1. Which one of these does VAL9 not meet: (1) open to solvent by less than 30 Å² (accessible area, probe 1.4 Å); (2) over 26 Å from PRO415 (Cβ atoms); (3) not in a strand (DSSP E or B)?
2. Mind listing whichever residues of region 561-581 are farther than 21 Å from ARG597 by Cα and either surrounded by fewer than 16 Cβ atoms within 10 Å (Cβ to Cβ) or among the hydroxyl-bearing types (Ser, Thr, Tyr) (or both)?
3. Among the residues of region 353-370 satisfying the criterion of being out of contact with any Phe, Trp or Tyr (no Cβ under 6 Å at 6 or more places or on another chain) and open to solvent by less than 30 Å² (accessible area, probe 1.4 Å), which is modelled with the lowest pLDDT?
4. Which members of region 546-591 meet the condition of being part of a loop (DSSP other than H, G, I, E, B), touching a residue at least 60 places away in the same chain (Cβ under 8 Å) and among the hydroxyl-bearing types (Ser, Thr, Tyr)?
5. Across region 475-497, what is the total count of residues that are among the hydroxyl-bearing types (Ser, Thr, Tyr), in a helix (DSSP H, G or I) and surrounded by 15 or more Cβ atoms within 10 Å (Cβ to Cβ)?
6. Of the residues in region 71-84, how many are assigned to a loop (DSSP other than H, G, I, E, B) and either among the basic types (Lys, Arg) or open to solvent by 40 Å² or more (accessible area, probe 1.4 Å) (or both)?
7. For a quick check of your reading of the model, give me the residue pairs whose first member lies in region 801-817 and is without any contact (Cβ under 8 Å) to a residue 40 or more places away in the chain, whose second is assigned to a helix (DSSP H, G or I) and among the β-branched types (Val, Ile, Thr), with beta-carbon atoms closer than 9 Å and at least 6 apart or on different chains.
8. State all residues of region 256-289 that are modelled with pLDDT of 85 or more, surrounded by 14 or more Cβ atoms within 10 Å (Cβ to Cβ) and touching a strand residue (DSSP E or B) at 6+ places or on another chain (Cβ under 9 Å); if no residue qualifies, say none.
Amino acid sequence: MQNPLATFVNVILPLPLAKLYTYRVPLEMVDEVAAGKRVVVQFGKKKLYAAIIHDIQFHPPKEYEAKYILSVLDEDVLVSPTLLKFWNWMANYYMCSIGDVMQAALPAPFKLQSETKIRLNQACEIETLELSDKEYLIVEALTVQEELSLDEIAEVVQLKNIFPLLKSLYLKDAVLLTEEMKEIYKPKMATCISLNEKYLDENELRNLFTTLEKKPMQLDMLMAYLHLKNNTEHIQKSKLIETSKANDSSLKTLVKNNIFIEYKIKINRLKTEIIPTETFELNEFQQAAYNQLIMHFETKEVALLHGVTSSGKTHVYVKLIEEVLKQNKQVLFLLPEIALTSQIVSRVKKYFGEQAVAFHSKFTQNERVELWNKIQKGEAKIIIGARSAVFLPFDKLGLVIVDEEHESSYKQQEPAPRYHARDAAIFLAHLWQCKTVLGSATPSFESYQNCKTEKYALVEMNERFGNMEMPQIITANIAEETRVKTMKGNFTSVLYDEIETALTLHEQIILFQNRRGYAPIIECQSCHWVPKCINCDISLTYHKSLDSLKCHYCGHTQNVPKSCVACGSHILNLKGIGTEKIEDELGVLFPTARISRLDLDATKSKHGHEQIIQSFENHEADILVGTQMVSKGLDFEKVSVVGIINADQLLFFPDFRAHERAFQLISQVSGRAGRKHKQGKVIIQTSSPNHQVIQQIIHHQYQQLFTHECEERKQFEYPPYFRLIKIVVKHKEYKIAAEAAFDLKQNMNKRLGNDKMLGPESPFVSRIRNLFIKEILIKIDKNSPHLQEIKQFIKACISKTTENKGFNRCIIYADADPF
């Protein structure tokens, strides 16, 4: 019987559990536990995890007997009370478990979990057992090496599924299974060199020089050391070898003879010595915007800075940051893409030096740990990052900036939590009682509507910096030029001529095509057969650089077929255009031009984005071809022409946001043209030059687009007037997925009503990774006071459906605000 006065803790495990789990605290650890610290707990029969303490209580759980926590890992709190509140809000609002939030928020080295180790049972007489060949291999390996991990055993027997073998050996008492916690984080160490203390004496040092006179390389090494010692405390081994131009063997001899001493130090992976070099004054329009923001912040928590492209929003941000730093507080500066991070970071560091740090998904796990610690201690003041930066452990957050707030890439798709970083950042700012600035030239309709209803403040900047003119936007009619045969590949004569003129003037060009790869479809000319992914219901994209077909959903690749598998025809045609094909055609049409490509395939390395952008900025390339990465706030001085290869793909996409997104994307790409010293030109290639959205883009009529689109959205109950929740049902069998979705809708119908639900329907891609998909879309009035109750009801309905024996293997989840 458990003592009711004992101490218990509710913990968050890095698992998608519906509830918190309760553990008992041993008496000797009572003084160590605190909310936000990590503890080692056993979950299940043997598995050990590092869990986060959510709260402390003094009542045991009624449903089960609480196990003891095994140890407390942290001396100080790892997750602050404010961050825990943020996690709880995210789990509730985005309808996921708090374990999902923990999994997304913490760097991997903090999420310790045990690893299964296998050892021989010394008490068992192995030679008396009947073993299969594979079992014998395992036993042999364990006689050579005392313990092996599961991966190592799989390597030994060359099998993926080793559990039947291990179970058999375990039942025969041949092996023992243990669980060990494994520390993942390793500090970065550097080998340094110091001179033996005895040579600090001048006479001894003079004697040493005499001794080394006939050993020139060792003497060079000593001279280099003495030179470096004047400027730095710790001299790294690699730096000493590089400076002295001597070889490693000379250094080894000096160490062996006890002249030099080797030692190791821990070094900061994030260390970059940058001294602030720039200051500036706001122009009249920027100063007016800044003053308005300060005024509005007296009454409003959030302000939308609606400034045309190249109006100098970044300068306004910098002045706001300066004021926050004077209060010794931190700033979160969110950006939608890693591609944008490197350019903005370098720009902000010119003003603030080492106080600014970057954070994004390309960081290694060890770098994330070091950045986490630096931010938690308040050493980093300006954190510039992509959406996951909202989870960082701020010490004193004083301002949140969300640049390009309209961007869809702020929304996390997979896995849970499926949060929207803009909305999460606004709530984070609310918790810290600080202000939020949303910036965009083409705001999301949700944010603009919040300004209309005076929930947010609105500040507008309608003048380009330095009195630059807005770019001249020209349409080029693809249908007409195809009819009169003036197309050159996928380029209209209008775009071709502008590219040629820009190249002659040594100016740069950006070309936008929102599809990577070479061609999205390969089709048989005779029977129109199209190769599809074996795992997904989608055609395979041809990648010329790999000479293979690839699925952009699951990553499956296969060789290009030599002939049609259906009719045997050898004539297979490429359909559609991707960035690779545009790059290829440019090489033929403009053979002397230097061409770069910016898309997911071209930026796979850690600094891939940075290198391509830096290269283009330094005019090492004349033409940059890219997907939507090129649209996001990049600033290139010599770009005079921007080309949209095919605007129709954006305009006619089957989505209620298609026109809003097309306007935003094309306007943003257009903003890259003529950003300094000269009016730029934007060529929009389309078969519908008179389309309403194209005309609104040409005349910069955001207000008209907003008014027209919102009339329809209000009529058909879509955002910004209604909230959406998408329920996704997945199963490897279509029939079961469809039945589970229907059963779920029937359960929800009791409260929500059929008129507030659409579906269940199959999405555009109805099977991904061998799972069939059904979706239900739920509409809830934005001003409904029962939003949280409705979400709890939906979660209860999902639980009820998954408890049904026929549907217990279905994957069902809710996606709140599926933008």
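The values are calculated or read from the model by the stated rules, or taken from the named source; none is laboratory data. If you're wondering where the values come from, they're calculated on a predicted model, not measured in any experiment. Here the Cβ is made from the backbone with ideal geometry for all residues, glycine too, and neighbour counts use every protein chain on show. Please note that ligands, DNA and RNA were not included when accessible areas were found on the heavy atoms of the full protein model with its side chains. Shrake-Rupley method; radii C 1.70, N 1.55, O 1.52, S 1.80 Å.
1. Exception for VAL9: condition (3).
2. PRO561, LYS562, SER563, VAL565, ALA566, CYS567, GLY568, SER569, HIS570, ILE571, ASN573, listed by residue number.
3. Filtering region 353-370 for residues that are out of contact with any Phe, Trp or Tyr (no Cβ under 6 Å at 6 or more places or on another chain) and open to solvent by less than 30 Å² (accessible area, probe 1.4 Å), the one modelled with the lowest pLDDT comes out as HIS360.
4. Selection gives TYR553 alone.
5. 1
6. Count: 4.
7. ASN808/THR802
8. Passing the criteria: ILE259, PHE260, PHE285, GLN286, ALA288, ALA289.
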